[in-house]
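Bear in mind that the values in this text are calculations on the coordinates, not laboratory data. In this text the structure is predicted, and so the values were computed from the model without any measurement. For neighbour counting, all protein chains shown are included, and Cβ atoms are generated from backbone atoms with ideal geometry for every residue, glycine included.
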Amino acid sequence: MKAITSCILNEQIWPNSNYVHYKFDLIKFGLLSITNRDYCCHMKVFLSIFFLFIIGFSNGQDLTEFGSLFNDLKVLSSDGMEGRKTGTAGNKKARQYIQNRFDEIGLNLYEENSLHEFETPGETFKVGYNIIGFLPGRSKDVIVISAHYDHLGIKDGQIFNGSDDNASGVSVLLYLAEKARKSDLHHTLIFVTFDAEEEGLLGAHAFVANPPVPIEKIIFNVNFDMVSRNGSKEIFASGTYHNPRFRDMIRDWRGDYPIKIRLGHDNPGDKKNDWTNSSDHAAFHKMGIPYLYFGVEDHEDYHKSTDTYDKTDFEFFGQVAKVLSDLVLRLDKLDIENDQ
Ligand SMILES: [Zn+2]
């Protein structure tokens, strides 16, 4: 908690000016926004710091460790993104936001820009865009980290913000990318936010059909879809039914973390509860590539206009981001390709 006041206060002293520019950007943490531009008022500064102190204290957390996590969620699930439906202006805004974040984080691009364009089949022809960046590791073998950024758009005048589904997964992917960029990676990590998941996993299928590296170099997929809320504070690591080695790994590791990580939702014999084909990891599974899918149980706001930012369980979501990032970076250290 001690770091809160010193790090949240982003202070810049402008050249040739007596003004001190204080920017309190708690919006980054999804809690509050106070911006005092070109304003020198010590009492306000004092009160703001005091306020941050109280918020940090009541939360019991050092919020600075979450970087842009909460702000990414807030922006991607805002009304301005109009539900991010493939082929719409709102989807394009979300795409540009993610491209900018990839730039800020310093992800590498395979071509001159991060977009992978594809056409959606069927009567309602559209062009979709996956967004791809990567971080090189010592090995050319690739782990693909994925999360879809599209959602359901606007229906009957209602915006389907898709905060949990799946602005949350994209935000965790960006958080992980920041951590991974500062890590010594064994594998090459490809980060991809898929388009047109809601229309039948189309972006993911287009990606595996035309990947930026030879498909045999892709040895694993980690997919995030709906990771920001659960009444029981638990998240599923699904897919280990198909690759029992990873079941043992999750069992060994999950005791190290503050949230409950459950296994399951991956037995094709249990049709009603099987998530094997329920999100983009299915495209990798069909190619024989092992996957881990992280997501929560469906909730009452699933695929409704009420799946909004304010429903986020911020404490849980913050823990999820940290836990999943740590898990992926531990996974990266394993010799996955030679040890299956
Ligand atoms: Zn989803």
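With respect to the conditions (1) surrounded by fewer than 24 Cβ atoms within 10 Å (Cβ to Cβ); (2) not in a strand (DSSP E or B), Ala196 falls short on a single one, namely (1). Does Arg262 count as basic (Lys, Arg) and within 23 Å of the chain's Cα centre (by Cα)? It is true that Arg262 is basic (Lys, Arg) and within 23 Å of the chain's Cα centre (by Cα).
Restricting attention to region 208-249, the residues being surrounded by fewer than 16 Cβ atoms within 10 Å (Cβ to Cβ) and either basic (Lys, Arg) or part of a strand (DSSP E or B) (or both) number 3.
Assess whether Glu198 counts as being within 11 Å of the ligand (Cβ to nearest atom) and in contact (Cβ under 8 Å) with a residue 60 or more places away in the chain. Yes; evaluated as a whole, the condition is true for this residue.
Taking the criterion of being crowded, with 21+ Cβ neighbours inside 10 Å and farther than 16 Å from Val75 by Cα, the residues of region 153-179 that qualify are Leu176, Ala177.
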